[in-house]
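Structure first, commentary second.
Since every read-out is calculated from the coordinates, none of them should be taken as a lab result. Bear in mind that the values here come from a model prediction, so they are computed numbers and not experimental data. Backbone-built Cβ (ideal geometry, glycine too); neighbour counts: all protein chains shown.
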Amino acid sequence: MIEASIYKKIKTYKGNSQLIVDAQFPAGSITRLYGSSGSGKTTFLKILAGLITPEKGEIHVKGVCWLDTHKKINWKPQQRRVGFVFQDYALFPNMTVQAHLAYATTDQQLIERLLLIGKMESFRQHKPAHLSGGQQQRLAILRAMALRPELLILDEAFSALDDDLREALIIELKIILKEFRTTTIIVSHHLQETAGFAERTLQIEQEH
Amino acid sequence: MEWTPIWLSLKLAACTTLILFLIGIPLAYWLSRRHSLAKVVIEAMLTMPLVLPPSVLGFYLLLTFSPNSLLGSWLHTHFNISLVFSFEGLVVASVIYSLPFMVSPVKSALAHLPVSLAEASYTMGKSKLETFYSIQLPNIKSSLWTATVLTFAHTLGEFGVVLMIGGKLDGVTKVASIAIYDAVDNNQYHEANLYSLVLFAITFVIVILVFIFNRNSARGPLE
């Protein structure tokens, strides 16, 4: 179980507002996160990953405290083992597909398995600039999975995939997520995009 | 034509570029991160050599390093170092004078890298140092080339600061640009022309090399 209770002030073009989230994510569950543009979805995900620190909040993962602003506990992103698929993919232009996965893990068997799942075996020596949008998105997902993450965060990670590819990837991802017992949160504006993947939903809205 | 001034210029440019590569890149990284008023003031000070007349900078460096000054006498007493009219003094002055040429392009390139690249690396368990060497530096390679070449070429052509702090001691501080001035002053136009041609050729080759190394970069080599 992942329990998060977050309070964060947010500055927007409309003025100041606040992000207040009180949520629980059962271990191994897949939750679709949605909300209007600028509602703070990405901010919330980055707080979970340790990339942003909220004014107040607590995060407990399987009974382990990652964040408690009151007790001044704040694990670094390096300690949290969160696989993060960024909206812009955040692929490293200097690295090949293979090097991306090797940067996340030394487990060669896992690398080969992930390349197979993502149908990327024949692109292992390609750099991101020579991959299509869909291939880049798959690589970002595979790289996050290479960490064997405790928590997988997918920030609009299926948007560049066509229906067939998405459905095939979802089937394989669900198997590996179950095996790794990874809890998953996926941001998606379209319910159809996560059909057959997410089993729970959580809405995020700012409070003024 | 004597080759010593050319050799001295190359040695000065190489020493300055090497030192600035070592101190300029960490400085650029620090400046590229979150802004603060202190950083604005420091960056403004680092940029001053770009706009200040070289003779002004040279004059103040001469006062600062002279044996009568606090710093100059302290260096002389404790380390037996005299930076005025010495090659070491030229190197120190050049490092200060060429600092913005190394720091500005690198800082700008680091600031333009998407933040998510470093964030992705952190989530993969990599430290800030590992991320810097494995992700950030390799992805600003063309800017590193540009900064290195600009620093080298700028130091090679230095005149005002060098003349003020080093004078024109044969074999010690008389670099190529001073030798050209000296030759013209003595009506030796042929010799001045030879020095100028050599400097022109060296600089041209360096710039060509940068264009070749950066030919695949989206930006122009000197952007």
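Here are some notes:
- Percent of Cα-Cα distances greater than 31 Å, calculated over segment A:2-207: 18
- Projected area, mean over directions - segment A:4-67, Cα convex hull, nm²: 4.5
- Computed Rg/Rh of segment B:111-217, alpha carbon atoms with Kirkwood Rh: 1.22
- Choice from B:P26, B:P114, B:P105 showing the highest fluctuation, given a GNM over chain B with Cα pairs closer than 10 Å: B:P114
- Helix B:37-51 axis, angle to chain B major axis (alpha carbon atoms, nearest 10°): 40
- Å³ per residue enclosed by the Cα convex hull of segment A:82-169: 87
- Segment A:132-153 versus segment A:1-47: alpha-carbon centroid distance in Å: 21
- Set the Cα radius of gyration of the protein assembly as shown against 2.2 N^0.38 Å, with N its number of residues, and you get 1.29.
- Across A:K119/A:K174; A:K46/A:K71; A:K178/B:K128; A:K62/A:K127; A:K56/A:K174; B:K39/B:K174, pairs whose alpha-carbon gap is larger than 27 Å: A:K178/B:K128; A:K62/A:K127; A:K56/A:K174; B:K39/B:K174
- Pairwise centroid distance, computed over Cα atoms, of segment A:159-208 with segment A:60-127, Å: 17
- D_trans [Stokes-Einstein, Kirkwood Rh over alpha-carbon pairs] for segment B:57-162, 10 °C, 1.306 mPa s, µm² s⁻¹: 97
- Inter-chain Cβ neighbour average for residues B:120-133, partner chain, 10 Å: 6
- Take each residue of peptide A:87-94, count the partner chain Cβ atoms within 10 Å of its Cβ, and average: the result is 6.
- Residues with amide H under 5 Å from that of A:L33, placed H, sequence gap 5 or more: A:I186, A:V187, A:S188, A:L202
- For segment A:52-208: relative contact order, % (alpha-carbon pairs under 8 angstrom, 6 or more apart): 22
- For A:46-55, mean number of other protein chain Cβ atoms within 10 Å: 2
- Seen from all directions on average, chain B presents a Cα convex hull projection of 14.6 nm².
- Highest-first arrangement of B:169-180, B:2-13, where packing means the average Cβ count within 10 Å: B:169-180, B:2-13
- Mean shadow area of segment B:3-47 over all directions, Cα convex hull, nm²: 3.6
- Taking every alpha-carbon pair under 8 Å whose residues sit at least 6 apart, segment A:121-208 reaches a relative contact order of 30 percent.
- For chain B, the relative contact order is 30 percent, taking Cα pairs closer than 8 Å that sit 6 or more residues apart in sequence and dividing their mean separation by the residue count.
- Cα-based radius of gyration for segment B:113-175, normalised by 2.2 N^0.38 Å, reads 1.86.
- Share of pairwise Cα-Cα distances greater than 22 Å in segment B:1-94 is 46 percent (whole percent).
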